[in-house]
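The values are calculated or read from the model by the stated rules, or taken from the named source; none is laboratory data. Treat the numbers as computed from the prediction; the structure is a model and nothing was measured. Methodologically, a virtual Cβ is constructed for each residue, glycine included, from the backbone with ideal geometry; neighbour enumeration extends over all protein chains shown.
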Amino acid sequence: MRKSLIDSRVRRGLVCALAAAVLLAGCGWQPLYERPSASPASGGVGAELAQVSIDPVVPQEELDPLSGSNTALYDSRAAQLLQNHLKEALNPYGAPSSALYHLAIGLRQRTRSAISLGNGQTTREELTMLAQYELNDAKGQPVLKDHAESVTSYDILREPYADLSARRDAQQRAIEQLAQQIRTRVAVFLKK
């Protein structure tokens, strides 16, 4: 009795999966990163992404409202990391010799207290990174303007090395998320 119940559930699941596959094929759905063949140069959206040149990411510096200090070194490192991740994501075989598009990005980051003790000491901070980007054609005309945002958080332990390490880890996670968002949005635009 139990075996027949399991068999009927398996059959029902297979029928549903087959029906979903038929419906998706019928509506014209295609995977975003599909290639006509196994060769990396065979085309698809990956080949179009490889024609995007990435301009240097510009950090939009802001003063820290609490301390009044400028975080230029920290911001420029984030800009460099974002540019490196985008180069790996869009141009894995190297920069295009004659780019069809140029991607210009401005990066801004803010840190705010997420959790604090009653005495005002912060125990958790949120790092918000916002990338404003513009995809320009070869003539310099904008064809896509958008933004991507990522929010990560980390604990403040009041240990200098641990706090710095936690902040850098949060920054790395946020940069990876931004790069993935930008790559996906540009790929969707180019696929149209």
Inset, instruction - Could you check, for the range 172-191, whether at least one of its residues is more than 9 Å from the chain's Cα centre (by Cα), within 29 Å of GLY44 (Cβ to Cβ), without any contact (Cβ under 8 Å) to a residue 60 or more places away in the chain and not in a helix (DSSP H, G or I)? - result: no
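Return the residues of the range 139-158 that are of a type outside the set (S, T, N, Q) and part of a loop (DSSP other than H, G, I, E, B); say none if nothing qualifies.
Taking the range 139-158 as the starting set, the residues that turn out to be of a type outside the set (S, T, N, Q) are 139-140, 142-149, 151, 154-158.
Residues satisfying the conditions are LYS139, GLY140, ILE156, LEU157, ARG158.
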Legend entry - ARG168 being modelled with pLDDT of 90 or more and touching a strand residue (DSSP E or B) at 6+ places or on another chain (Cβ under 6 Å): no
Inset, instruction - Determine, yes or no, whether LYS87 is charged (D, E, K, R), over 23 Å from ALA174 (Cα atoms) and at pLDDT 85 or above. - result: no
Legend entry - Filtered residues of the range 129-141 (kept if surrounded by 12 or more Cβ atoms within 10 Å (Cβ to Cβ) and touching a residue at least 24 places away in the same chain (Cβ under 8 Å)): MET129, ALA131, GLN132, TYR133, GLU134, LEU135, ASN136, ASP137, ALA138
Inset, instruction - Could you tell me which of the residues LEU103, LEU107 is of a type outside the set (S, T, N, Q), crowded, with 16+ Cβ neighbours inside 10 Å, in contact with a Pro (Cβ under 6 Å, 6 or more places away or on another chain) and not in a loop (DSSP other than H, G, I, E, B)? - result: LEU107
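Only one of these is in contact with a Phe, Trp or Tyr (Cβ under 9 Å, 6 or more places away or on another chain) and either touching a residue at least 60 places away in the same chain (Cβ under 8 Å) or farther than 19 Å from LEU178 by Cα (or both): ILE115, ILE105. Name it.
Numbers: ILE115 fails: in contact with a Phe, Trp or Tyr (Cβ under 9 Å, 6 or more places away or on another chain).
Of ILE115, ILE105, the one residue that is in contact with a Phe, Trp or Tyr (Cβ under 9 Å, 6 or more places away or on another chain) and either touching a residue at least 60 places away in the same chain (Cβ under 8 Å) or farther than 19 Å from LEU178 by Cα (or both) is ILE105.
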